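Student: Could you have a look at this structure, given as structure tokens, before my questions?
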Amino acid sequence: MIEPTHQTVLIADDEPLARERIRRLVEALPNYRVCGEAGDGDKTLSAIAEHEPDIVLLDIRMPGMDGLEVAEKLNTLSSPPAIIFCTAYDHYAITAFEVQAIAYLLKPVRREALGEALARAGRVNRVQLRALGSRAKTGSDQLAVKTHRGTELIELNSIHYCEADQKCVTLHHAGGETVTDFTLKELESRYAQDLLRIHRHTLVGARFIQSLVRSSEGHYHIVLKNVARQLAVSRRHSAAVRQWLNEHQPG
């Protein structure tokens with residue numbers, strides 16, 4: 001496999017002297033090239049759109065939009081750059097990793113630490129590309145669910161339906177049932193393409209939907225593949241379910 005000659009790096013920091021120092025450190029390392037600089041959050045996003053860097057060295061405290069807000073916006077992209085935070089403050093570390101940062105470096109940044117972080121970012125970028133290719137073929141994603149047995153990984157495409165009661169949400173999937181602390185709203189928002197709302201208490205796995213039936217009393221139910229039980233569809237959601245069926249099922 002032929003590696004790219006250079007990884008491109010964007011430096012985002014509101015202090016010109018800090019940008020200059022980090023630029024010197026990057027340019028002293030082989031296989032990296034600084035493609036641009038920015039001094040605040042909005043300019044960082046504009047520079048990323050212009051230069052499409054592989055890696056962003058991102059300060060946290062900047063005028064206007066801060067580095068964490070920039071990172072959150074970058075994570076909505078289909079192919080975001082790797083993020084390495086370079087900051088004088090150590091108390092943002094946990095939040096930084098919540099927005100998928102590769103590394104968190106404290107100023108003054110050392111050359112050795114920067115080199116290690118850049119190398120890690122390059123490896124992650126390649127892993128992400130392979131993972132994206134794999135997911136495109138399999139349509140697979142996983143939920144990490146904390147249970148009394150520890151953390152369990154559940155394939156999203158194995159979930160038949162999710163059902164809420166007053167205390168918790170139960171995932172009914174190919175491997176059985178798992179209670180989760182996810183709310184239905186969180187699951188619906190995060191996996192809108194995979195889970196369809198049919199009731200205030202129920203989401204169903206879109207890939208398993210077989211048909212919508214109506215009882216003699218006029219109540220609607222969803223029939224799922226591999227599930228014996230028919231699930232009630234509320235009157236409020238019946239129109240949306242019918243529309244989904246019209247758009248996604250042949251005939």
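Throughout, read-outs are computed from the coordinates displayed, never taken from laboratory work. From a predicted model like this one, the values you see are computed outputs, not experimental measurements. As a convention, Cβ positions derive from the backbone with ideal geometry for all residues, glycine included, and neighbour counts pool all protein chains shown.
Student: If you take the square roots of the eigenvalues of the alpha-carbon gyration tensor of segment 192-251 and sort them as a ≥ b ≥ c, do you get rounded (a/c under 1.5), prolate (a/b over b/c) or oblate? Working shown, then result.
Tutor: Working: a/c = 1.24, a/b = 1.23, b/c = 1.01.
Because its axes are fairly even, with a/c under 1.5, segment 192-251 counts as rounded.
Student: Next up: In which sequence would K225, K167, K73 go, from the one with the fewest C-beta neighbours within 10 Å to the one with the most? If you can, show how the numbers build up before the last one.
Tutor: On the way: K225 11, K167 6, K73 15.
Ranking K225, K167, K73 by Cβ neighbours within 10 Å, fewest first, gives K167, K225, K73.
Student: Express in nm, to one decimal, how much length is gained between Q243 and Q166 on full extension, taking 0.36 nm for each residue of separation and deducting their alpha carbon distance.
Tutor: Values: separation 77, 0.36 × 77 = 27.72 nm, distance 2.91 nm.
Extra length available between Q243 and Q166 comes to 24.8 nm.
Student: Same structure again: Round to the nearest 0.05 the FRET efficiency obtained for R61 and L29 when R0 = 30 Å and r is the Cβ-Cβ distance. Write down the numbers at each step before the final one.
Tutor: Details: r = 25 Å, r/R0 = 0.84.
Taking R0 as 30 Å, the efficiency between R61 and L29 is 0.75.
Student: For K73 and R214, what is the calculated FRET efficiency with R₀ set at 35 Å and r taken between the beta-carbons, to the nearest 0.05?
Tutor: Numbers: r = 44 Å, r/R0 = 1.27.
Plugging the Cβ-Cβ distance into 1/(1 + (r/R0)^6) gives 0.20.
Student: What ³J(HN,Hα) values, in whole Hz, does the Karplus curve 6.51 cos²θ - 1.76 cosθ + 1.60 give for segment 182-193 when θ = phi - 60°, with x put for Gly and Pro?
Tutor: My calculation for segment 182-193 gives 5, 8, 4, 4, 5, 5, 5, 5, 6, 10, 4, 7 Hz in order.
Student: So, one more: Just name one of A88, L224, I11: the one whose Cα is farthest towards the positive end of the charge dipole of the chain (beta-carbon charges, Lys/Arg +1, Asp/Glu -1).
Tutor: So the residue we want is L224.
Student: Arrange the peptides 82-95, 57-70, 227-240 so that the one whose residues have, on average, the most other Cβ atoms within 10 Å appears first. Walk me through the numbers before you get to the answer.
Tutor: Working: 82-95: 17.2, 57-70: 20.5, 227-240: 14.3.
Highest-to-lowest ranking by the protection proxy: 57-70, 82-95, 227-240.
Student: For the pair A49 and V227, what calculated FRET efficiency results from E = 1/(1 + (r/R0)^6), where r is the Cβ-Cβ distance and R0 = 45 Å, to the nearest 0.05? Walk me through the numbers before you get to the answer.
Tutor: Numbers: r = 45 Å, r/R0 = 1.00.
That pair, V227 with A49, gives E of 0.50.
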